[in-house]
Amino acid sequence: QVQLVESGGGLVQPGGSLRLSCAASGSISSIYVMDWYRQAPGKQRELVARVTSGGSTNYVDSVKGRFTISRDNAKNTVYLQMNSLKPEDTAVYYCRFEVGVTSTAGRYQYWGQGTQVTVSS
């Protein structure tokens, strides 16, 4: 069993910053991909940022230059540093991991519970 626990959301004024964290626990043998998604009211869930096991990163165009994804392999944790936040960044943010599970074959995906980010004055 693998669990992801998120933290760090909240209310921030436009132009402010927040740092999200997502830590995985359980019978993990490898973590291949760590993603941050978000879903705003009435909109589809979208991939915001990705970091691979090799350290490659990708961002949706709307957050490039403002958000930074990073990972701590020793802690099985991914972070999303969000700067220069805008009202349109308001959404529930979810982490998603693709992992290998001890004593099993294949890759599995797990999702965090979601954390609300609200950008408003």
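So in the chain, what percent of DSSP beta bridges are antiparallel if you round to the nearest 5?
Details: 44 of 47 bridges.
For the chain, the DSSP antiparallel bridge percentage is about 95.
If each residue of separation counts as 0.36 nm, what is the full-extension length gain between residue 29 and residue 86 once their alpha-carbon separation is subtracted?
16.8 nm
Mind giving me the FRET efficiency for residue 73 and residue 17? R0 is 25 Å, r the Cβ-Cβ distance, nearest 0.05 is fine.
Step by step, r from the Cβ atoms, then E = 0.55.
Roughly how many Å² is the accessible area per residue of the stretch 19-104, as a whole number, for a 1.4 Å probe? Mind dumping the intermediate values first?
Working: 4120 Å² over 86 residues.
Ligands and nucleic acids excluded, the result is 48 Å² per residue.
In nm, what is the difference between 0.36 nm times the number of residues separating residue 61 and residue 120 and their Cα-Cα distance?
Length gained between residue 61 and residue 120: 19.1 nm.
For 6, 46, 98, write out the residues from largest to smallest accessible area, computed with a 1.4 angstrom probe and no ligands counted.
Descending order: 46, 98, 6.
Over the alpha-carbon set of the stretch 68-120, work out the extent along each principal axis and list the three values in angstrom, largest first.
That gives 46, 20, 13 Å along the principal axes, largest extent first.
How are the C-alpha pair distances of the chain spread across 5 Å bins, as whole percents from the shortest bin up?
Spelled out bin by bin, the chain gives 2, 12, 23, 24, 18, 11, 6, 3, 1, 0 percent.
What is the calculated FRET efficiency for residue 43 to residue 109, with r their C-beta to C-beta distance and R₀ = 25 Å, to the nearest 0.05? Intermediate results must be reported in sequence, preceding the final value.
Values: r = 21 Å, r/R0 = 0.84.
FRET efficiency, residue 43 to residue 109: 0.75.
For a protection proxy built on the mean count of beta-carbon atoms within 10 angstrom, sort 103-109, 30-36, 48-54 highest first, please. Walk me through the numbers before you get to the answer.
Details: 103-109: 9.6, 30-36: 19.9, 48-54: 17.1.
Output ranking for 103-109, 30-36, 48-54: 30-36, 48-54, 103-109.
The values are calculated or read from the model by the stated rules, or taken from the named source; none is laboratory data. Keep in mind the model is a prediction, meaning the values are calculated, not measured. Note: ideal-geometry Cβ built from the backbone for every residue, glycine included; neighbour counts use all protein chains shown. Protein only, heavy atoms only, side chains kept; ligands, DNA and RNA dropped before computing areas. Shrake-Rupley method; radii C 1.70, N 1.55, O 1.52, S 1.80 Å.
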